[in-house]
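Enquirer: A single structure is presented below for examination.
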Amino acid sequence: GRSSYRAFTFSLTFLLYTSFHLSRKPISIVKSELHKNCSALNELSTASSNQLPNLHTAAECSWKPFDKSNYKQLLGAMDYSFLCAYAVGMFLSGIIGERLPIRLYLTFGMLMSGLFTCLFGLGYIYSIHSLGFYIFVQVANGLVQTTGWPSVVTCIGNWFGKGRRGLIMGIWNSHTSVGNILGSLIAGYWVSSNWGLSFIVPGLIIAAMGIICFLFLIEREYCYVIGWTSERLVPFAFQVVVVKSESEPSAISFMGALRIPGVIEFSLCLLFAKLVSYTFLFWLPLYITKTAHLDAKKAGDLSTLFDVGGIVGGILAGVISDKLGKRATTCAVMLLLAAPIVSLFPRLNISMLLVCGGLVNGPYALITTAVAADLGTHKSLKGNARALSTVTAIIDGTGSVGAAIGPLLAGVLSSQGWDQVFYMLMAADFLALLVGADAC
């Protein structure tokens with residue numbers, strides 16, 4: 001029945017986007033392998049060379065070109081090349097996605113993401129030491145990964161009405177954290193022995209999921225299929241070609257999407273909310289290492305509590321907004337509470353990680369899912385649901401600008417003390433609250 005198709009689409013899109021995040025995570029795990037403490041490793045290899053035959057010498061222990069004194073800037077350049085390409089590509093992705101079958105567009109993006117993720121790993125297999133090669137792969141991967149989010153949100157929005165959309169999308173949005181955790185585990189398994197496989201295996205996984213997407217994804221509840229003369233629910237086994245009917249509305253333009261009430265306000269709100277979220281994502285393990293004096297593995301394990309809080313926060317935000325019928329008010333209240341909690345964050349403990357993760361990621365999750373789906377099916381569109389991909393791309397693309405800026409600012413400000421970073425995060429939360437309040 002209809003409910004079984006909905007459950008199938010929910011599960012499939014969850015797994016598809018989990019594989020996107022799974023393929024993005026290896027770079028943060030492999031960074032420590034690209035640049036090692038050479039002097040310490042050399043002493044160790046000299047003391048026990050018979051027991052550690054695979055250990056590199058001091059000259060070889062870092063992967064060129066990341067063996068230089070400015071390795072932090074070089075590793076940072078790879079992050080920003082991906083994030084900036086992702087932010088720019090996202091604006092184009094939604095517009096293109098509205099004009100192509102979602103199933104084919106998403107399949108193409110996943111296969112290409114798999115290719116470029118594997119290419120990064122092949123740099124190890126074939127001993128490629130060109131910074132330009134790795135930057136090119138990151139930029140290309142950032143561009144093709146933008147096919148994912150507008151496509152899966154459009155698909156889930158097509159299948160689920162507004163009734164319990166907040167709750168459903170709050171649960172569904174946990175795929176980002178699940179993908180991050182799986183990506184960490186898979187990349188971590190090979191990082192010390194052969195870091196090339198830390199990229200190749202996730203690359204093969206997302207490519208395989210792309211094939212599954214091509215075979216099984218059902219784009220919307222009612223489809224036009226060659227051979228049928230009327231609208232009807234189509235099992236995936238028969239969904240071969242989706243044909244545009246003469247009465248089907250045309251895709252919305254970029255400016256047309258901007259004119260939908262709330263799109264600009266929520267886009268700017270997400271810019272500041274995602275700035276805060278991604279700053280924690282990139283800098284929290286290092287902050288815990290420096291302030292709590294834990295080793296890198298324990299700091300990484302502890303930082304996952306922030307993600308756990310984020311899952312709970314996203315679901316709570318969805319449930320509350322469904323009950324109240326007010327998405328903007330729910331975001332505003334959580335942002336209002338987030339700023340003082342962030343100011344208390346230096347008093348680090350487990351409950352603070354969970355609460356802060358929930359309040360920071362709750363509004364971010366709600367805006368990128370339920371709010372985007374609501375706006376993409378806004379009453380001003382008079383039933384034209386083909387704006388959903390463009391609206392999703394505009395909102396997430398604007399948010400991705402914040403995702404690129406936040407970690408960059410944190411890197412600059414942290415040299416003057418961690419307090420400066422938290423002042424910046426509090427300011428961003430208040431700005432998100434101000435622009436979000438306009439949407440209330």
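The values are calculated or read from the model by the stated rules, or taken from the named source; none is laboratory data. Nothing here was measured: the structure is a model prediction, and the numbers come from that model. A quick note on method: Cβ atoms are made from the backbone with ideal geometry, for glycine too, and the neighbour counts reach across all protein chains shown. In case anyone asks, the SASA skips ligands and DNA or RNA and just uses the protein heavy atoms, side chains included. Shrake-Rupley method; radii C 1.70, N 1.55, O 1.52, S 1.80 Å.
Enquirer: Could you derive backbone 3J(HN,Hα) for the range 129-143 from the dihedral phi with the Karplus parameters 6.51, -1.76 and 1.60 (θ = phi - 60°), listing whole Hz in sequence and x where the residue is Gly or Pro?
Expert: My calculation for the range 129-143 gives 10, 8, 4, x, 4, 5, 5, 4, 4, 5, 5, 4, 5, x, 5 Hz in order.
Enquirer: If you roll a 1.4 Å probe over the range 306-378 with all protein chains in place, what percent of the accessible area is carbon or sulfur? Mind showing how you got there, number by number?
Expert: Numbers: 1920 of 2610 Å².
Taking all protein chains in place, the range 306-378 shows 74 percent carbon and sulfur surface.
Enquirer: For the range 110-156, compute Rh as the Kirkwood radius over C-alpha pairs and then the Stokes-Einstein diffusion coefficient at 10 °C and 1.306 mPa s; write the answer in µm²/s, rounded to an integer.
Expert: Estimated via Stokes-Einstein, D reaches 137 µm²/s.
Enquirer: Pairs LYS31/LYS68; LYS64/LYS274; LYS25/LYS326; LYS64/LYS290: which exceed 25 Å Cα-Cα?
Expert: Details: LYS31/LYS68 14 Å; LYS64/LYS274 32 Å; LYS25/LYS326 34 Å; LYS64/LYS290 27 Å.
Distance filter (> 25 Å) returns LYS64/LYS274; LYS25/LYS326; LYS64/LYS290.
Enquirer: Sort largest first and round to whole Å: the equivalent ellipsoid semi-axes of the range 80-150, each the square root of five times a Cα gyration tensor eigenvalue. Don't skip to the answer; put the middle values down first.
Expert: Details: eigenvalues 126, 38, 7 Å².
Sorted largest first and rounded, they come to 25, 14, 6 Å.
Enquirer: On to the next question. With labels modelled as points extended 7 Å from the Cα through the Cβ direction, what inter-label distance (nm, one decimal) is found for TYR189 paired with ILE171?
Expert: 2.8
Enquirer: Sticking with this one: Cβ neighbours within 10 Å, averaged per peptide: list 314-321, 180-187, 349-356, 102-109 in order, most packed at the top.
Expert: Working: 314-321: 24.1, 180-187: 19.4, 349-356: 16.6, 102-109: 21.9.
Listed from highest to lowest mean packing, they are 314-321, 102-109, 180-187, 349-356.
Enquirer: Another question, if that's okay. Taking a probe of 1.4 Å, how large is the accessible area per residue of the range 77-165, in Å²? Provide the component values of the computation, followed by the final result.
Expert: Numbers: 3140 Å² over 89 residues.
Each residue of the range 77-165 exposes 35 Å² on average to a 1.4 Å probe.
Enquirer: Net charge near TYR17, counting Lys/Arg +1 and Asp/Glu -1 over other residues with Cβ under 14 Å of its Cβ?
Expert: On the way: positive: ARG24, LYS25; negative: ASP396.
Local net charge: +1.
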